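Student: For reference, the structure I am asking about is given below.
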Amino acid sequence: MASKINDLAESLHVKDFKLPVIEVKENSIDSVSTYIKDSSFKQLVIVADQITNKVAGEKLAERLKKDGLQFHLVILEPNKYGQVIADEETMIQLFSETPTTTDLLIAVGSGTIHDVVRFVGHKMNIPFISVPTAASVDGFTSKGAPLIFKGVKKTVQTTAPLAVFADLSILKNAPREMTAAGFGDILGKYTSLLDWEVSRLVGKEPYNELAAEITRDSLENCVRHVDKIANADTEGIQILVDALIESGLVMLLLDFSRPASGGEHHLSHWWEMDLLKKDKEQLLHGAKVGVATTIITALYKKFASEFDLDNELNLSDYYQPLKEHWKEIKKQIEALPDPEKLIALLQCVGGPSQTSELGISNDLVKESLNTAHNLRDRCTGLLLINQLKKEEITYPISNLVFK
Ligand SMILES: [Zn+2]
C-alpha cells in the first residue's frame, strides 16, 4: 500500500508528505504503547464511548499502564437514541474534558469518534492516533470531519492521524452491520469514480489517473473477496480495512473527496439531513451509501439507454463537452455492474440493500434524486440528468423524460 500512496504523493508534487504509520494486523493494539514511547508523547487522552471502551479501550489502557504510561480517559456520552453523534454537545464534552497539557489524543472507535477527535485535536493543536474498532467507513485516514452544527451537517477539513493501528482481532469481531457498512462505502466507488470521470470530461475538474486506479483496485479487490468479507475472516477484514485506509489516504493527498464521493454520497447526505431535521435515529454512513449506489446505478443505466444524444440537436453549447464525450461516458455507464448485482453483493455481506430496510420513504428518495445534486458544486451524472430532465425523476425510477 505504502509504495502506491508514495507514488501518488510524488505524482501530485505533495511536498513533505509523511505517510501515517499504518499497522493492519492481529493484536496491533499492543503496538500503540511502543509507538507512544518511541515518539516521546507523555500526556495521553484516550477517547472512546461505552462500547468501544469495552471492546478495545480497556485492553489498550491495561497495556499502557503495564508499560508505565499515564493517560486520561474520556467516554463520550450517547444521545437519547444511545448513539454518539459528532455534534456540538459531544465536541464540547471532549474540549472540556481534555487537559490543556495533553500532547496526544487516541481515538478508539468508529468513524464518528474519529471525527470528533480529529476536529477537537485540530482546534487544540494536539495530534491524534487512530485505533478503529470497526471497518465501517473510509474516513479514518482522511482530513475531512463530517460534523453537525445546529442540526446541519458540514464537512470541516482538519488533520489526519499520525498513525493507525487497525487490530484485526478486534475488527473481525465488530457487529456485522458495521463491516457491511464499510463494504457499502467501498461499493459507492463504482459510481463516485464514474462521476469523477464525468466531472473531468464534462466539467473540466481536476483528475488524477493514479488516484482513480488505486481507488478502483481497492474496490475490485473487495468485490472479488466479498465472501471472505462476509465471513469476517482475518483475510477478508484485512482486505476491507486496507481498501478503506487507501481510499482515505487518496482523499488526504488530493485534498478533496472526488474519487470516493459522487452522486451516491449526495443521496446519502440528503437522507441524513432529513433524519437530522426530524430528530430521528441516525443510520450508518456506509449502509446509506451502499443502497444509494444501487439507485444511482439504476438511474445512470436508464439514462444511458434512454437518452438519445445523437438526435438531441437542440442541446445548447453548454452541453458540447457532453456531446463530445458521450460515447465514452455511455460505455462506462454500461460497464457498471447491474443494480441487481450490487444488491446481491450488499446482501452477501449482510447489509441493507433496499431503502425500505433503512426506513427511507420513496418520497424522500424521489426528493433526493431531484434535489441532492445541489448539495455541492460538483459535476456528476446526477447533476447532468437533472439539467437535462424535462419532468421530475420518479422513484421507483420509471421512464426519464428529457428536454
Ligand atoms: Zn463515504
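Values quoted throughout were computed directly from the atomic coordinates according to the rules given, and no laboratory measurement underlies them. Being a predicted model, the structure only gives us computed values, none of them experimental. For neighbour counting, all protein chains shown are included, and Cβ atoms are generated from backbone atoms with ideal geometry for every residue, glycine included.
Student: Looking at this model, which pairs from Lys123/Lys143; Lys4/Lys123; Lys277/Lys302; Lys302/Lys341; Lys80/Lys172 are more than 20 angstrom apart at the alpha-carbon?
Tutor: Values: Lys123/Lys143 13 Å; Lys4/Lys123 31 Å; Lys277/Lys302 31 Å; Lys302/Lys341 16 Å; Lys80/Lys172 28 Å.
Too far apart for the 20 Å limit: Lys4/Lys123; Lys277/Lys302; Lys80/Lys172.
Student: Going highest first, how would you order 11-21, 322-332, 128-138, 167-177 by mean Cβ packing within 10 Å?
Tutor: Details: 11-21: 12.0, 322-332: 15.5, 128-138: 28.1, 167-177: 19.5.
Top to bottom by mean Cβ count within 10 Å: 128-138, 167-177, 322-332, 11-21.
Student: So, counting K/R as plus one and D/E as minus one, what does the shell of residues with Cβ under 14 Å around Asn362 add up to? Intermediate results must be reported in sequence, preceding the final value.
Tutor: Numbers: positive: Lys366; negative: Asp274, Glu357, Asp363, Glu367, Glu392.
Once all neighbours under 14 Å are counted, the net charge is -4.
Student: Please report the net charge: other residues with Cβ closer than 11 Å to the Cβ of Ile245, K and R +1, D and E -1. Write out the running numbers ahead of the final one.
Tutor: Numbers: positive: none; negative: Glu23, Asp138, Asp242, Glu246.
Taking every Cβ under 11 Å from that of Ile245, the sum is -4.
Student: List residues of region 173-188, by number, whose backbone nitrogen lies under 18 Å from a label position 7 Å along Cα→C-beta of Asn27.
Tutor: 173
Student: Cut-off 16 Å, label point 7 angstrom out along Cα-to-Cβ of Lys331: give me the residues of region 189-221 whose amide nitrogen falls inside.
Tutor: 194, 197-198, 201-202
Student: Another question about this same structure. Please list, in order, the residues from region 214-245 whose amide nitrogen is less than 11 Å from a point placed 7 Å along the Cα→Cβ vector of Arg176.
Tutor: Zone members listed by number: 230-232.
Student: Now a separate question. Three principal axis extents, largest first, for the C-alpha atoms of region 305-403, in Å?
Tutor: 45, 27, 26
Student: Okay, moving on. Let me check the size of the chain from its C-alpha atoms; what are the radius of gyration and Dmax in Å?
Tutor: 21.4, 75
Student: Asp38 to Glu324: FRET efficiency via 1/(1 + (r/R0)^6), r the Cβ-Cβ distance, R0 56 Å, to the nearest 0.05? Intermediate results must be reported in sequence, preceding the final value.
Tutor: Working: r = 55 Å, r/R0 = 0.97.
E between Asp38 and Glu324, to the nearest 0.05, is 0.55.
Student: Per residue of the chain, what 222 nm ellipticity follows from adding -39500 (n - 2.57) for every DSSP H run with n ≥ 4, rounded to the nearest 500?
Tutor: Roughly -16000 deg cm²/dmol at 222 nm, from the helical runs in the chain.
Student: Considering only DSSP beta bridges where both residues belong to the chain, give the percentage that are antiparallel (nearest 5).
Tutor: Details: 7 of 29 bridges.
Percentage antiparallel, nearest 5: 25.
Student: In whole angstrom, how far apart do the alpha carbon centroids of region 256-270 and region 330-403 sit?
Tutor: Using only Cα atoms, the two centres lie 12 Å from each other.
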